[in-house]
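Everything below concerns the one structure shown next.
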Amino acid sequence: MSVWRRRVWRIAGLVTLLCVSPGEAGNVGTARGPSLPETIAAVQPKMVKIYGVGGPQGMEDYQSGFLISAEGHVLTAWSYVLDTDAIDVRLADGRKLAGKLLGADPRLEVAVLKVEAADLPHFDLARAVEVEAGERVLALSNAFGVAVGNEPVTVQQGTVSLKTRLDARRGAFESPYRGPVYILDMATNNPGAAGGALVTRRGELVAMLGKELRNALNNTWLNYAIPIGELRPSVEQIRAGKFVLRREEASSKKPTRGLTPELLGLVLVPDVVERTPPFLEATVPESAAAVAGLRPDDLIVFVNERLVPSCKALKTELEWIPAVDPVTVTVLRGQELVSVVLEARPPGGR
Amino acid sequence: MGIVWRFASKLAFVGMHVEQHESRRLWESVTGSIAAAALLVSVAILNSVACAAADAGDALEVREQQAFRAAAQRVAPSVVRIETVGGMERVGDWLFGMGPTTGLVLGADGTIVSSAFNFVHRPASILVRLADGTRKAARLIATDYNRMIVLLKIDADRPLPVPEIVPLADMRVGQWTIAIGRAFEADQPNLAVGVLSATQRIWGKAIQTDAAVSPNNYGGPLVDVQGRVLGVLVPLSPTETNPIAGVEWYDSGIGFAVPAETILELLPRLQRGSDLYPGLTGIHWPLESLFTADSTIPAVRPRSPAHRAGFRAGDRITAIDGKKVETAVQVKQEIARRYAGDPIRIAALRGTERIERELELVQRIESYEHPFMGILPMRGPRQADKPAASGVKVRFVYPDGPAAKAGIQPGDILVSAGGKPLGDLAAWRLRLLEYEPGDVLPLEIERKGEKRQLALTLGPLPDVVPSAPLPPGSEPSTRQPAARPQVGLLRIDYAEQGEPAWVFVPETYDPDQPCGVVVWLPPPGEVKPETMVTLWKESCERDRLILAIPRSAGPVRWQTREARLIPALVTKIAEQYAVDANRIVVCGSQSGGTVAIAAGFRYAQLVRGVVAVDAFAEGSIPEPNPARRVDFYLAVAARSRSANLVRQTIAQMRKWHYSLIVQDLGADPRELNAEDVAVLARWIDTLDRI
């Protein structure tokens, strides 16, 4: 589906919701919790709209954010929009303030801005909550920039689909962020929505809406938000002026010398099409593969429990494993799955 | 656009949050739960729902979300994750990721059902990960190409958990539905919440939900608020039957599931290992009038089950397997839910006579050979205030053709065939679909105000172009032409992205005389429209043709997927100029010719003719749809690099009885010259022949 078409129907959805005024929503709540309109009325003043610079190919020059202190700290997504000295922050009451970039953690794609003001309504990051799949949530953002004047941002309602990790499969998502996310059952991740807030039906802060992202595993657009718990340490360091960009974790870094099929003695069929299935043509005599009993026509399906759907995927997966480490290889032989542990032998050695 | 309003209404529905509806739905679910509790082994979930109901102080929505979660957890043990190895990267316009996808256990012995979409890339191997983490190799036993589900089988070590099924009769539009997949996490299902939108969708084959349905849950179950299975999620399209049709509606608020009850009924057939296909009768309804037509048969294909059973055009179908039908849509709905090999009893009225026959639906109707009367009809001029046409005037009679032998002369008016009056060319073409070469067609014609009866023995379509110049295709307009749009060599923007096309509109353009359109795909690189116009100008002016020259995206060759430019370009031209739908032609040489052929296959509802020089068909050649005849003109040089492939294309197309003319270009490949273009133009001028 073209971006254009996707946007059209998403716009249609958002506009419709905007037309439903809080008054029509009825008094759903009970004596115990706030009603939906009450929740929205309490959360809206904490939201801000952010205007900066546009990106390449006519990408939007706006995004969303929310206040996290009474004295004007704003949490938002780290993006090209903030790549300017003149960041405009519009508060829910229509005030237009200059935003100063305090700092950002590009690894989490999060940034903290500061505006000069006092006694602002805000979220307290320390009181953010976690939610489970199936829980109903609200998303607030200036998606598509439709909240053009002195008006509050858009509210959407939906359900949490699942909590998962963006790095669950290598190469699936083109995002520097690799941690846990909430997958949302609602069309939230649209232009300008990044930096918006995900809250519970009681108005408790849950997560920050992420940027637009395509799931390369099945070519669909993803709706997701990053839990506040993941962002909080970096945000607090930025606020305190002590932020140091953390080094990449060892697990997400390629080893300097990784495995190859040759090191294990695996001879694959010629890689002729985009997704040649990794069938074994032969094993090198006396190699780890031969000793472990792998045979011609075995189909390699898993490397350390990760699916390898093609010769290319197998080679990529092996590159991530240090050449000195043992590796579990699972093959499909007929209808039977067989797992063996292989340890590369140094070239020339026995 | 349907998607827009469906999606809008989804959000509006959720946003409005009408309390009464919600309470009633919850109450129904709770009372339903209590009633069912005695029958259920697992009552823990229901207890939590029931207790929540007792605690009237809690917010409804808290209990609802508990119920969603409980429903997902209840069905989760039967929801498996499917991983595939190998396979194609792209199917049609859809780029396939590497999964994973979802499946549903329906038999304790290891019987698993999924969506055909998940396997259309033809993986080398399929692996199933059960909810408990066990991995098994799976065999694809059979595919249902009508409802787009597949049956997989694994060798289970122990009985697998089978979910509870909701019968179709118990489903209520508006009830909660939860769509479950295992595309993100192996250990946790992903869920999407919505309501049941309809129960008899896609010709009665599917139920519909507004929950987000996408490759993230295709193959997974759609469950009710108690975790009982309503159906298996699949992409479906009301007009196309291929496993990826409908994926363009993913996450749009229009999602489909095949009812679990239907799948259980189909299981024995699928378990035998034979694929299931939509069942065909050979009765043809033009898509344009499908939704307004009554159940009178417009045409029956020769060699089809309906034809053999004796049904003919004009018979009005009154019942199918005892169920009364009155409209074309009802007939289609009854047939669409059945499969090839199924028996079907059709009752019809022919005048006052009642006919009832049983026939067997087939997967494929034997390929059809178009009959030929040997006539070119007069075309115009178009007259808006003219009463409905009462016949077709003969422009030209093919020498020694069937019409010539029957004594038909230019200027005669064809009034009726087989006793039925046929007003215009479209009606004649539709009626001819019932005949094949060799059949005798009783005709009534009008000559100088006098009616005559004739019998015409139909022949095959000609494989040569008439050698002599043809008489004019239309009479001059009698009225003053209205203000006409720009003529000459123009540039027009027609695609969202990409270069504008060159378009040449002849000086003779007259809005009352619709023009043919020749889309010429030039060799990639620098385009010199003036050279093309010089070659074509005379033909364009005489035969009323518009020449359109788009440009390829790449500098070296045309890509087959660029075929999609052609409908966009023709549509754009038709917005400004009167276009003759019977003479829309795509031409090209080498890679441009391959794209032209692809356009002829893919856009048969638009393209009437294809000219390809030294070009072959990429991929397999589809069986032609007789109702959308496309004429092909293939020119090939003996020493062309692709001569062998072109010959294969020709052989396959002849086998399918495509309407095909082959021109020998001589020994060495060359550009078309003025003489070739004159012959081509004459061929284009005969595309509306009958």
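For the range B:536-560, the tally of residues that are farther than 12 Å from residue B:586 by Cα and either out of contact with any strand residue (DSSP E or B) (no Cβ under 9 Å at 6 or more places or on another chain) or in a loop (DSSP other than H, G, I, E, B) (or both) stands at 14. When every residue of the range B:602-614 is checked against the conditions, at least one turns out to be surrounded by fewer than 24 Cβ atoms within 10 Å (Cβ to Cβ), in contact with a Lys or Arg (Cβ under 9 Å, 6 or more places away or on another chain) and in a helix (DSSP H, G or I).
Consider the range B:249-264 and keep the residues that are aliphatic (A, V, I, L, M) and not in a loop (DSSP other than H, G, I, E, B). The one that is surrounded by the most Cβ atoms within 10 Å (Cβ to Cβ) is B:257.
Every residue, every condition in (1) in the same structural domain as residue B:107 (by TED's automatic domain parsing); (2) over 25 Å from residue A:335 (Cβ atoms); (3) outside any loop (DSSP other than H, G, I, E, B), yes or no:
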residue: B:128; (1), (2), (3): yes, no, yes
residue: B:131; (1), (2), (3): yes, no, no
residue: B:150; (1), (2), (3): yes, no, yes
residue: B:157; (1), (2), (3): yes, no, no
residue: B:160; (1), (2), (3): yes, no, no
residue: B:199; (1), (2), (3): yes, yes, yes
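Assessment of the range A:332-339 against the conditions (at the interface with chain B (Cβ under 10 Å from one of its Cβ atoms) and basic (Lys, Arg)) yields at least one matching residue. Within the range B:229-248, the residues that satisfy the criterion of being touching a residue at least 12 places away in the same chain (Cβ under 8 Å) and surrounded by fewer than 21 Cβ atoms within 10 Å (Cβ to Cβ) are B:237, B:238, B:239, B:241, B:242, B:244. Being over 18 Å from residue B:681 (Cβ atoms) and in contact with a Gly (Cβ under 6 Å, 6 or more places away or on another chain) holds for only one residue in B:567, B:550, B:624, B:555, and it is B:555. Could you say whether any residue in the range B:464-478 is over 23 Å from residue B:428 (Cα atoms) and surrounded by 14 or more Cβ atoms within 10 Å (Cβ to Cβ)? Within the range B:464-478, one or more residues are over 23 Å from residue B:428 (Cα atoms) and surrounded by 14 or more Cβ atoms within 10 Å (Cβ to Cβ). So for the range B:501-514 (the condition being loosely packed, with under 13 Cβ neighbours inside 10 Å, among the β-branched types (Val, Ile, Thr) and modelled with pLDDT of 85 or more), does at least one residue qualify? No, every residue in the range B:501-514 fails to be loosely packed, with under 13 Cβ neighbours inside 10 Å, among the β-branched types (Val, Ile, Thr) and modelled with pLDDT of 85 or more. The residue pairs whose first member lies in the range A:256-267 and is surrounded by fewer than 18 Cβ atoms within 10 Å (Cβ to Cβ), whose second member is among the basic types (Lys, Arg) and not in a strand (DSSP E or B), and whose beta carbons are closer than 8 Å, counting only pairs six or more residues apart or on different chains, are A:260/A:315.
A single entry from B:355, B:317 fulfils the requirement of being under 21 Å from residue B:293 (Cα atoms) and under 26 Å from the mean Cα position of the chain (by Cα): B:317.
For the range B:180-227, taking the residues that are charged (D, E, K, R) and free of Cβ contacts under 8 Å to residues at least 60 places away in the same chain, the one that is farthest from the other protein chains (Cβ to nearest Cβ) is identified as B:201. Residues of the range A:59-81 that are under 23 Å from the mean Cα position of the chain (by Cα) and either under 30 Å from residue B:60 (Cβ atoms) or surrounded by fewer than 18 Cβ atoms within 10 Å (Cβ to Cβ) (or both): A:59, A:61, A:64, A:66, A:80. In the range B:154-170, the residue that is farthest from the other protein chains (Cβ to nearest Cβ) out of those that are touching a Ser or Thr at 6+ places or on another chain (Cβ under 8 Å) and in contact (Cβ under 8 Å) with a residue 60 or more places away in the chain is B:168.
Only residues that are at the interface with chain A (Cβ under 9 Å from one of its Cβ atoms), within 24 Å of residue B:159 (Cα to Cα) and not in a helix (DSSP H, G or I) were counted across the range B:57-83, and they come to 1. When the range B:335-357 is filtered for residues that are free of Cβ contacts under 8 Å to residues at least 40 places away in the same chain and either surrounded by 15 or more Cβ atoms within 10 Å (Cβ to Cβ) or not assigned by TED's automatic domain parsing to the domain that holds residue B:303 (or both), the ones remaining, listed by number, are B:347, B:349. The set of residues in the range B:265-318 being buried (at least 16 other Cβ atoms within 10 Å of the Cβ), in a loop (DSSP other than H, G, I, E, B) and among the hydroxyl-bearing types (Ser, Thr, Tyr) consists of B:277, B:281, B:295, B:304.
Is at least one residue of the range A:235-256 at pLDDT 90 or above and part of a loop (DSSP other than H, G, I, E, B)? No; the residues of the range A:235-256 include none that is at pLDDT 90 or above and part of a loop (DSSP other than H, G, I, E, B). The set of residues from the range B:126-139 being within 12 Å of another protein chain (Cβ to nearest Cβ) and surrounded by 18 or more Cβ atoms within 10 Å (Cβ to Cβ) comprises B:126, B:127, B:128, B:129, B:135, B:136, B:137, B:138. Checking each residue in the range A:151-169 for being within 11 Å of chain B (Cβ to nearest Cβ) and in contact with a Ser or Thr (Cβ under 7 Å, 6 or more places away or on another chain) picks out A:154, A:156, A:166.
Of the residues that sit in the range A:296-350 and are under 26 Å from residue B:89 (Cβ atoms) and of a type in the set (Asp, Glu), which one is surrounded by the fewest Cβ atoms within 10 Å (Cβ to Cβ)? Top of the filtered list is A:305.
Checking the conditions here, which among A:276, A:330 is of a type in the set (S, T, N, Q) and not in a loop (DSSP other than H, G, I, E, B)? Before you say what the answer is, go through the steps one by one.
Values: A:276 fails: not in a loop (DSSP other than H, G, I, E, B).
The match here is A:330.
Quick check on this structure: which one of A:262, A:281, A:286 is away from chain B (no Cβ under 11 Å), on the phi > 0 side of the Ramachandran plot and more than 29 Å from the chain's Cα centre (by Cα)?
Going through A:262, A:281, A:286 in turn, the sole match is A:286.
The values are calculated or read from the model by the stated rules, or taken from the named source; none is laboratory data. All values derive from a computational prediction rather than experimental measurement. Cβ: placed from backbone, ideal geometry, glycine included. Neighbour counts: every protein chain shown.
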